[in-house]
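Below is one structure; the comments refer to it alone.
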Amino acid sequence: MSIIEVKNLEKIYDGSQVEVRAVDGINLSFERGEFTAIVGPSGSGKTTFLNLLGGLDNPTSGEVVVDGVNIWDLGAGKLIDFRLHHIGFVFQAYNLIPVLTAEENVEFIMELQGRPRQEIRNRTLELMKAVGLEERMKNRPSKLSGGQQQRVAVARALASKPKFVLADEPTANLDSRSAENLLDIMEKLNKEENITFIFSTHDARVVKKARRIITLEDGKVMRDEVIQR
Amino acid sequence: MIFSISWRNVWRNKIRSLIILVSVALGITAGIFVTSFYKGMAKQRIDKAIKTEISHIQIHHRDFRENNEISRYITDALEMTTTIRSMNSAAGAASRLISYSMVASAETSAGVKISGVIPEDEITVSNLQDNMVEGTYFKSAKRNPVLISSKLAEKLKVRMGSKVVITLQDLNNDIISGAFRITGIFDTKSPAFDESNVFVRYTDLSTMMLIPEGAAHEIAVRAVDNNAVAGLRADLVSRYTGYEVLTWSELSPELWFLTETMGFLAYVLIIIILLALLFGLVNTMLMVVLERIREIGMLMAVGMNKIRIFSMIVLESVLLALSGGVAGVVTGTLITLYFETHAINLSGMGGAYEDLGFDSYVYTSLDTALLINVTLLVILTGILGSVYPAYRALQNNPSEAIRIK
């Protein structure tokens, strides 16, 4: 059963002379536990699509239905709350809170959720071990490499036990070894936690790991392939 | 965690935070010191007026103060004085005869207020005996002794031992004169009081004025402390219903006004300082918010609601202002406490303050309520300083904000 259904999703920007159809009538569905790459050339609408999927940007029309609820029918306050409890985000530039340590960055999301202290501690430790940073838990982001920061970002994204994780170009700022390492971790967590991962990418190494590849061009789905690995 | 983030964010840009923190601290220190200085000055003026001139409470015949009519006396004043002195909240009480009349020397004359006092009673309500610069406070065995101030002595061109003539009206409306010898000269440092007051013995004046034995025009009462004044007044009012019982603030409203004005000016000064600091704080917080657009966008994206983000920015601003405020309150308090026991010497200003009745050596007076209110005002400044920046922060669209380099 699909956990996300995208129906006739459109995002049109009104330019000064010409309107830009960044997302042009996309219909897709995503199953639990998918490991999906959204690929396509620059300007094909990958990031806009992920933003609409994550409730960060308003669509011009269409629906994003998660577990039977169209997230765009939720009010602004409820949508923020929905993101907190159901969606994990991994950003290209890591976007960790610089004044918090690695473990605090992970704990922070769970504290916003109001989870019990002990549960927060256990989950943080579990995730920091899973991303191989249990030794660097007390370090602030400025003391971590790019790859390590992105691993903390992955742990943070999973901390809330979301229904799905959206990752926008997660390896774009990483060297080959860090990127491989991050992908291995994401793949392992995807399997262990059965959480859907949807990531936009240009990176062939990421595409190689994906079990489903959706190709966008000019805001439209050009190909949707399921890869048997 | 939000508190922790806000606190750590305060120290993210140490130099910038320290600049605003030091500005707040200096402003608050100056505000506390200046207001404590003026409060001390006013307090000394009032203390002096109470101890030397008016006491805490005065009792009169209901019609006496209207025209200072000498026939409007309190019949059993000496008996009342004895009773009042035995009251728990009274530290002292003394009866006085009062006549507004003239004192003349061989050279010249002056209109004065003549007070007929019982020396042993008077010292329980007045510290005039501590202000003697020559002679003694009614210890001389000479007949008809009179105490005058050094200023009046200069004006009358008289000195210790000189004879002066006091001319006044008796109860029969006859004008009579009496010769008095100067046995003491005082200087209270209040020129207006000194130039217009002379003191003689109660018995000498009552004989001249033909006032019946035991009667007086005024009963001056000292309370054990300032806090006991209101209670003591209420007791006296209920006990002596036929007389007028007034406190120092009613007898001398200009002194009461002085305290109130000083208190009001203290807050005006602090508010002006904080208003100036408010603009600095708004500027700092705007910089903070603009520098962290991406971070705030990320927080919105991952599900931190607007109230929490707003609170986080407000808290950061409050913590920044409060850090400076606390430093300022501590420094201001320490400086003020030092000058509570080490006088600030204003005598170099040519006696200008003395001419206005103030002491030329001023001791600061710390007001704990002011410290609490200043701290609350600093918190309010922190909140006000962050409202616009926080509002600006919330206007960003998270999808755009997280992509800002």
First in the range B:175-190 and closer than 14 Å to B:VAL158 by Cβ, second anywhere and in a strand (DSSP E or B) and among the basic types (Lys, Arg), Cβ under 6 Å, 6 or more apart: B:ALA179/B:LYS163; B:ARG181/B:LYS163
The range B:348-377 residues that are of a type in the set (Asp, Glu), paired with ones that are at pLDDT below 85 and assigned to a loop (DSSP other than H, G, I, E, B) (beta carbon under 7 Å, 6 or more apart): B:GLU354/B:LYS189; B:GLU354/B:SER360; B:ASP359/B:LYS189
Every residue from the range B:348-401 that is open to solvent by less than 90 Å² (accessible area, probe 1.4 Å), in a loop (DSSP other than H, G, I, E, B) and at pLDDT below 80: B:GLY350, B:GLY351, B:GLY357, B:PHE358, B:ASP359, B:SER360
Which listed residue is surrounded by 21 or more Cβ atoms within 10 Å (Cβ to Cβ), among the β-branched types (Val, Ile, Thr), more than 14 Å from A:LEU166 (Cα to Cα) and modelled with pLDDT of 90 or more, from A:VAL65, A:VAL6: A:VAL6
Search result, residues across the range B:89-109 that are in contact with a helix residue (DSSP H, G or I) (Cβ under 6 Å, 6 or more places away or on another chain) and outside any loop (DSSP other than H, G, I, E, B): B:ALA90, B:ALA93, B:ALA94, B:SER95, B:LEU97
Flag if A:GLU104 is crowded, with 19+ Cβ neighbours inside 10 Å and under 23 Å from B:TRP11 (Cα atoms): yes
Residue satisfying condition, being open to solvent by 20 Å² or more (accessible area, probe 1.4 Å) and either in contact (Cβ under 8 Å) with a residue 12 or more places away in the chain or within 22 Å of B:THR75 (Cα to Cα) (or both), within set B:GLY214, B:GLY231: B:GLY231
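Among B:ASP130, B:ASP76, which is the only one that is in contact (Cβ under 8 Å) with a residue 60 or more places away in the chain, over 24 Å from B:GLY178 (Cα atoms) and surrounded by fewer than 18 Cβ atoms within 10 Å (Cβ to Cβ)?
B:ASP76
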Single residue of the range A:9-39 satisfying the filter (among the basic types (Lys, Arg) and away from chain B (no Cβ under 14 Å)) that is least open to solvent (accessible area, probe 1.4 Å): A:ARG21
So A:GLU63, is it closer than 19 Å to A:MET222 by Cα and either in contact (Cβ under 8 Å) with a residue 12 or more places away in the chain or not hydrophobic (A, V, I, L, M, F, W, C) (or both): no
Filter result (modelled with pLDDT of 90 or more and open to solvent by 70 Å² or more (accessible area, probe 1.4 Å)) within the range B:236-249: B:SER238, B:ARG239
Single condition A:LYS163 does not satisfy, out of (1) closer than 21 Å to A:ASN105 by Cα; (2) touching a strand residue (DSSP E or B) at 6+ places or on another chain (Cβ under 6 Å); (3) surrounded by 21 or more Cβ atoms within 10 Å (Cβ to Cβ): (3)
Residue in the range A:99-106 that is in contact with a helix residue (DSSP H, G or I) (Cβ under 7 Å, 6 or more places away or on another chain) and at the interface with chain B (Cβ under 8 Å from one of its Cβ atoms) present: yes
Positions within the range A:40-49 being buried (at least 22 other Cβ atoms within 10 Å of the Cβ) and not in a loop (DSSP other than H, G, I, E, B), in sequence order: A:LYS46, A:THR48, A:PHE49
Residues of the range A:76-105 satisfying the condition of being touching a residue at least 60 places away in the same chain (Cβ under 8 Å) and either among the β-branched types (Val, Ile, Thr) or part of a strand (DSSP E or B) (or both): A:ILE87, A:GLY88, A:PHE89, A:VAL90
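The values are calculated or read from the model by the stated rules, or taken from the named source; none is laboratory data. As the structure is a computational prediction, the values presented were derived from the model and not from experiment. Using ideal geometry, Cβ is built from the backbone for each residue, glycine included, and neighbour counts are taken over all protein chains shown. Note: areas computed on protein heavy atoms with side chains; ligands, DNA, RNA excluded. Shrake-Rupley method; radii C 1.70, N 1.55, O 1.52, S 1.80 Å.
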